[in-house]
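The structure is given below, and queries will be raised subsequently.
Every read-out reported here was derived from the displayed coordinates using simple, explicitly stated rules and does not represent laboratory data. Source: prediction; values computed, not measured. Quick reminder, even Gly has a Cβ in these numbers, built from the backbone with ideal geometry, and neighbours come from all protein chains shown.
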Amino acid sequence: MNLSFIFKEGLSGFKRAKFPFIVSVVTLSICLTLIGVSIMIGDNIFGYFREV
């Protein structure tokens, strides 16, 4: 085991692990955006019925 082999394998492993991490971050941000939008819509509807 020389150092260049360990470095190359670690780098390829990091590239393989980076893709699912990015997918999970994008999925989480989309979910949080949808939750925020639904809360804003619900608050606007509640405010409209409160004024009427």
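Of the numbered conditions (1) within 25 Å of the chain's Cα centre (by Cα); (2) surrounded by 10 or more Cβ atoms within 10 Å (Cβ to Cβ), residue 6 fails exactly one; give the number of that condition.
(1)
Being surrounded by 10 or more Cβ atoms within 10 Å (Cβ to Cβ), under 12 Å from the mean Cα position of the chain (by Cα), at negative phi and part of a helix (DSSP H, G or I) narrows it down to one residue among 23, 37; which is it?
Values: 37 fails: under 12 Å from the mean Cα position of the chain (by Cα).
Exactly one of 23, 37 is surrounded by 10 or more Cβ atoms within 10 Å (Cβ to Cβ), under 12 Å from the mean Cα position of the chain (by Cα), at negative phi and part of a helix (DSSP H, G or I), namely 23.
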